[in-house]
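As structure tokens, the structure follows; a few thoughts come after it.
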Amino acid sequence: MTNPRRALIVIDVQNEYVTGDLPIEFPDVQTSLANLGRAMDAARAAGIPVVVVQNFAPATSPLFARGSAAAELHPVVGSRAHDHYVEKSLPSAFTGTDLADWLAARQIDTLTVTGYMTHNCDASTINHAVHAGLAVEFLHDATGSVPYENSAGFASAEDIHRVFNVVLQSRFAAVASTDAWIASVKSGAPLERGNIYTSNQAARARRAVA
């Protein structure tokens, strides 16, 4: 098995999620920020290209307003070097950007996804990448979620983050900790990947025992 040709993508690590009006609640944002920095440093040390993504909305928007301090990159990301920059306005980092062409030109076959939010821009980018034929890795402790309540019900940040990780591991990505990913980068050992069948079988077996 050949080693993956990775790129690390750091999605929307902006002040809005830390000191702004959409604070990440789970995992703890300071933990995910620290892991994001570690992942970027490990990628740089291993020669893995880093893509930084930044989301903007119109200046009148309540979130990510262009020109606002909240829309700026958080210093953990802004202070570190990157190899490519992507500006976007929709959830997927591929939509309306040059990301796919940039990855293809460098023969990248594996996209390591970090940043915010687990259930929105991360999941959208992951799904897009899988449909484009890329393998995907997702660092569950270098990401995070917020709680929601609307006409469909309520979900805590922890519930959203947990459920999305389980679903992603079942088909879309190798979900791993930052530590496990750094070890994989250093050793060349692949990260564990799940599938729908075994994920469902394990859940049904748990229910049968209960």
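The table below gives the values:
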quantity: Residue among 192, 137 that alone is assigned to a strand (DSSP E or B) and either more than 21 Å from residue 94 (Cβ to Cβ) or touching a strand residue (DSSP E or B) at 6+ places or on another chain (Cβ under 6 Å) (or both); calculated: 137
quantity: Residue, farthest from residue 39 (Cα to Cα), within segment 164-206, restricted to residues that are surrounded by 12 or more Cβ atoms within 10 Å (Cβ to Cβ), β-branched (Val, Ile, Thr) and touching a residue at least 24 places away in the same chain (Cβ under 8 Å); calculated: 166
quantity: Matching option when the condition is touching a Cys at 6+ places or on another chain (Cβ under 7 Å) and either under 20 Å from residue 40 (Cα atoms) or surrounded by fewer than 23 Cβ atoms within 10 Å (Cβ to Cβ) (or both), among 147, 91; calculated: 91
quantity: Test: residue in segment 103-119 that is assigned to a strand (DSSP E or B) and of a type in the set (A, V, I, L, M, F, W, C); calculated: yes
quantity: Tally, over segment 1-32, of residues that are assigned to a helix (DSSP H, G or I) and surrounded by fewer than 21 Cβ atoms within 10 Å (Cβ to Cβ); calculated: 4
quantity: For residue 129: the one exception among (1) in contact (Cβ under 8 Å) with a residue 40 or more places away in the chain; (2) crowded, with 16+ Cβ neighbours inside 10 Å; calculated: (1)
quantity: Residue count, segment 152-171 (criterion: within 16 Å of residue 25 (Cα to Cα), hydrophobic (A, V, I, L, M, F, W, C) and either under 17 Å from the mean Cα position of the chain (by Cα) or part of a helix (DSSP H, G or I) (or both)); calculated: 4
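We did not get these values from a lab; they are worked out from the coordinates using the rules stated. Worth saying up front: this structure is predicted, and the values here are computed from it rather than measured. Every residue, glycine as well, gets a Cβ built from its backbone with ideal geometry; the counts of neighbours run over all protein chains shown.
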